[in-house]
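Inspection log for the structure reproduced underneath, given as structure tokens.
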Amino acid sequence: MPPSSADLAALQTDLAHDLARFAPELVLAGTIVALLVAKLFSSLDRVNLTTFAGAGAAFALGFLAWQFVEPARFPDGPAFAGLIALDTLAGFVRALVLTATLVVLAMCGLSGLPDREDSADFGTLLLGAALGMMLMASGNHLLIVFLAVEMASLPSYGLAGFLKGKRAGSEAALKYVVYGAAASGVMLYGISLLAGGFGTGSLPGVAKGFAAAAEAGRMPALPAVGIAMVLVGLAFKLSAVPFHFWLPDVFDGAATEVAAFLSVASKAAAVGLTARFLLALQGEAVLNGPGFVVLPQSFGMAILVVAAVTATLGNLAAMAQTNLKRFLAYSTIAHAGYVLMALSTLTREGAAAALFYMAAYLPMNLGAFAVAAVVRDRTGSESVDACRGLLARSPALGVGLAVCVLGLLGLPPLAGFAGKFQVFAAVYDAGRGYAGLGRPGLGTAYLVLLGVGAVNTAVSAGYYLRLLRIVTLDEPGTDEKGNAVPLGESWSAAATVVALAVAVVALGVWWGPLATAAARAAG
């Protein structure tokens, strides 16, 4: 029976409504098409199109802000027949990805990377990766989850090897491709097990099938293996141990601006997808009442162990680094461990803490990478020693880097302290909650994890304060009159770093609104 005119009208109305809520992604897609078309005109080779890419990302962020201030016109809910979920969780992560993309494009404009001839290619890859990361945050079907991960990964491979004539960059991109393909294969096989086991690829459908099996007293083996394999793919995107080995080499070989993008935007998307995946399977939080209790006993403990090992390895390895990008790479791994600590609780409070942590992490890490990019441009070196006496050579960059480093360490009243407070509070509440439910073993495990997090924070002071000493206390190079040689950075570069440092302070002092938004995003 053919559909009636009323059915077609309703379908058209729903499609228009979904497209309106999907506007930020459509803007990015349109910008990518425009950049590709621009490559057809040789006259545009003399124009740096990085600014155009930034304008597209700004418009997309503007559409997202409009949706936030008018929730009645753009209500939360599934879209496109439930394939994606355009809810507060997706909105929070999409905002983080777009903000990171804008900051990175601003860094590119300041450093002149890429050049005019390659600017369209670079903008296409960067916005393409951002588009995939935004879809990762809203994926509500296993097929979309896999496609989104690949959409984010493939342009990232190109970005990692974008620098021409740099052998380290080519090697880094090749390693990234090989390891990424292996992780994607494992993840795809896990998705096939889940979809085959429950006859659906919808995340809510998979969760209902898993919960029904658990309530019947039987743990389906193949879907359980499927969940584990999907988590392996997500662990690769989060650079969690033992799937972290690609990240230091990729950061070392890639441009500093690309490393900054991967360290923040990619991690934010992976955190959002992991939170959605775990919360969908968890259903009602165990600490708030009856629910699916298998995950906290098995998968939660596995994530807990991975979180502890990831934070510990990242902090210990960072101590021996002399290259600034590898230094920040291992710091990124350590912070992935802190985020996983919150996610290991498998509660909405833990997911909210992880989202808050990523929002606080954004200005701190991007600020540190921005300084690294400016120092590279002015000195030609990417070593930690290139920052020696930076405070005397450039007070704005020195103070900005000091604020970002202290924020990464977690000192109050900076954003890093607020983020770690949220994470540790969620872990502590999980430990007390499980102990109160008569599961002292689980409660003790989370309290031990809390201790591991505190010890790792103290350990990280060893390398963060070492960098701070190099920046502030070590003697800089001097001219024939004994004066410190100025770094000579542009005012716009100094203003960018200072703005990020101000954001680190602001989020540490007034973190209530952000915490509320993160809690709302987690449901």
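The values are calculated or read from the model by the stated rules, or taken from the named source; none is laboratory data. All values derive from a computational prediction rather than experimental measurement. Backbone-built Cβ (ideal geometry, glycine too); neighbour counts: all protein chains shown. When the accessible area is computed, the model is the full protein with side chains, heavy atoms only, and any ligands, DNA or RNA have been set aside. Shrake-Rupley method; radii C 1.70, N 1.55, O 1.52, S 1.80 Å.
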Requested in this report: Could you give the size of the charge dipole of the chain about its Cα centre, using +1 on the Cβ of each K and R and -1 on the Cβ of each D and E, expressed in debye and rounded to the nearest 20?
Outcome: 680
**Report entry** Percent carbon-and-sulfur accessible area, the chain, ignoring ligands, DNA and RNA, probe 1.4 Å
**Finding:** 68
Query raised in the report: Once you put a point 7 Å from the Cα of Q12 and another 7 Å from the Cα of A435, both along the Cβ direction, what distance in nm separates them?
Result: 6.3
Requested in this report: Quick one: angle between helix 267-282 and the longest Cα principal axis of the chain, in degrees between 0 and 90, rounded to 10, please.
Outcome: 20
Query raised in the report: Helix 23-38 sits at what angle to the longest principal axis of the chain, using alpha carbons and giving 0 to 90 degrees rounded to 10?
Result: 50
Report task. Treat every Asp and Glu Cβ in segment 427-523 as -1 and every Lys and Arg Cβ as +1, leave all other atoms uncharged, and give the resulting dipole magnitude about the Cα centre to the nearest 20 debye. Result -> 620
Report summary line: Distance in nm between K39 and V178 label points, each 7 Å along Cα→Cβ, equals 2.7
Query - Label-to-label distance, nm, for residues given as A81 and R469 (7 Å Cα→Cβ offset) - result: 6.3
**Report entry** By average C-beta atoms within 10 angstrom, highest first, the peptides 129-140, 182-193
**Finding:** 129-140, 182-193
Query raised in the report: So what is log10(I(q)/I(0)) for segment 48-205 at q = 0.20, 0.21 1/Å, when the Debye sum runs over its Cα atoms only?
Result: -1.24, -1.29
Report summary line: Relative contact order as a percentage, the chain, C-alpha pairs under 8 Å and 6+ apart, gives 14
Report summary line: Counting lysine pairs in the chain that sit 8 or more positions apart or on different chains, with Cα atoms under 25 Å apart, gives 16
**Report entry** 1.4 Å probe accessible area per residue over segment 399-492, in Å²
**Finding:** 46
**Report entry** Estimated FRET transfer efficiency when R0 is 25 angstrom, pair L222-L147 (beta carbons, to 0.05)
**Finding:** 0.65
Requested in this report: Give me the accessible area per residue for segment 1-88, probe 1.4 Å, as a whole number in Å².
Outcome: 59
Report task. Give, rounded to the nearest 20 debye, the magnitude of the charge dipole that segment 80-232 has about its Cα centre when Lys and Arg contribute +1 at Cβ and Asp and Glu contribute -1 at Cβ. Result -> 220
Requested in this report: Give the peptides 423-436, 341-354 in descending order of average Cβ contacts within 10 Å, highest first.
Outcome: 341-354, 423-436
**Report entry** Solvent exposure of segment 163-215 as accessible area per residue, Å², 1.4 Å probe
**Finding:** 49
Report summary line: In cubic angstrom per residue, the convex hull of segment 413-523 built on its Cα atoms measures 126
Query raised in the report: Ranked from highest to lowest mean number of other Cβ atoms within 10 Å per residue, what is the order of the peptides 262-271, 13-22, 48-57, 397-406?
Result: 262-271, 397-406, 48-57, 13-22
